[in-house]
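Right, one structure below, let's go through it.
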Amino acid sequence: MLEPTLFRDRSQSAQIVLGGILPALIGAGAGVLVGSSVAGYWAIAAVAAIGGFLSGFEHQDGWGGADRGLVGGAIYGTSLLIAHAIAGTHAKVSLGSFPPLLAVVTAIFGMLLAGLGGRLARMQRERRAPVAEPASGAVAK
């Protein structure tokens, strides 16, 4: 099975694009759609959630994935709010009574999803790892 390239092994420019620019673009798209299409907004939110989960597979474990998810989720939520403010439309989806809190909520969801992806990836790697055989002369219990 093909192992994904770990995030830390990617070039710095790839890390910037995948870890910062992509969440910002997806968040901006959601921010524009929040005032024009409920279905479009939720479709982009689903894509962002799936992407957050899958990003965890590029890390050694759940903790590395959680760190990236926290940052990606915060960038997504902040970009969403900025794009929505620039668009100047009335939100068709509730942004809560204090919209800036949305960036915190998306950061937490991003952390949980990417952490789960990282943990699942680690479990799969451990299952595929060859089992070490006892050294010659060692007594098996």
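Every read-out reported here was derived from the displayed coordinates using simple, explicitly stated rules and does not represent laboratory data. Here the structure is a predicted model, which means the values were calculated and not measured. Virtual Cβ from ideal backbone geometry, glycine too; neighbours counted across all protein chains shown.
Yes or no: segment 68-75 includes at least one residue that is surrounded by 21 or more Cβ atoms within 10 Å (Cβ to Cβ), over 25 Å from V93 (Cα atoms) and of a type outside the set (D, E). Before you say what the answer is, go through the steps one by one.
Taking segment 68-75 as the starting set, the residues that turn out to be surrounded by 21 or more Cβ atoms within 10 Å (Cβ to Cβ) are 68-69, 72-73, 75.
Retained after the next criterion (residues that are over 25 Å from V93 (Cα atoms)): 68.
Checking which are of a type outside the set (D, E) leaves us with 68.
Checked against the condition, which is being surrounded by 21 or more Cβ atoms within 10 Å (Cβ to Cβ), over 25 Å from V93 (Cα atoms) and of a type outside the set (D, E), segment 68-75 yields at least one hit.
Taking the conditions exactly as written (of a type in the set (S, T, Y), loosely packed, with under 15 Cβ neighbours inside 10 Å and either at positive phi or in a helix (DSSP H, G or I) (or both)), does S13 satisfy them or not? Quick ask: steps written out before the conclusion?
Values: of a type in the set (S, T, Y): yes; loosely packed, with under 15 Cβ neighbours inside 10 Å: yes; either at positive phi or in a helix (DSSP H, G or I) (or both): yes.
Criteria met by S13.
Pick from G65, G31, G35: which is in contact with a His (Cβ under 8 Å, 6 or more places away or on another chain), touching a residue at least 12 places away in the same chain (Cβ under 8 Å) and assigned to a loop (DSSP other than H, G, I, E, B)?
Numbers: G65 fails: assigned to a loop (DSSP other than H, G, I, E, B); G31 fails: assigned to a loop (DSSP other than H, G, I, E, B).
Among G65, G31, G35, only G35 is in contact with a His (Cβ under 8 Å, 6 or more places away or on another chain), touching a residue at least 12 places away in the same chain (Cβ under 8 Å) and assigned to a loop (DSSP other than H, G, I, E, B).
For residues in segment 96-115 being more than 19 Å from F7 (Cα to Cα) and in contact (Cβ under 8 Å) with a residue 24 or more places away in the chain, which is farthest from the chain's Cα centre (by Cα)? Show your work before the answer.
So in segment 96-115, the residues more than 19 Å from F7 (Cα to Cα) come out as 96-106, 108-109.
Those still in the list that are in contact (Cβ under 8 Å) with a residue 24 or more places away in the chain too: 102-106, 108-109.
On the way: L102: 16, A103: 14, V104: 14, V105: 13, T106: 10, I108: 10, F109: 8 Å.
Once the filter is applied, the top-ranked residue is L102.
Can A129 be described as farther than 18 Å from A45 by Cα and in contact with a Pro (Cβ under 9 Å, 6 or more places away or on another chain)? Give the steps one after another, and end with the answer.
Values: farther than 18 Å from A45 by Cα: yes; in contact with a Pro (Cβ under 9 Å, 6 or more places away or on another chain): no.
So A129 fails the test.
Can you tell me which residue among L81, L6 is touching a helix residue (DSSP H, G or I) at 6+ places or on another chain (Cβ under 9 Å) and closer than 30 Å to A129 by Cβ? Talk me through it step by step, then tell me what you get.
Working: L81 fails: closer than 30 Å to A129 by Cβ.
Criteria check complete, one pass: L6.
Take the residues of segment 76-99 that are touching a Leu at 6+ places or on another chain (Cβ under 7 Å) and outside any helix (DSSP H, G or I): which is surrounded by the fewest Cβ atoms within 10 Å (Cβ to Cβ)?
Looking at residues that are touching a Leu at 6+ places or on another chain (Cβ under 7 Å) and outside any helix (DSSP H, G or I), I get G96.
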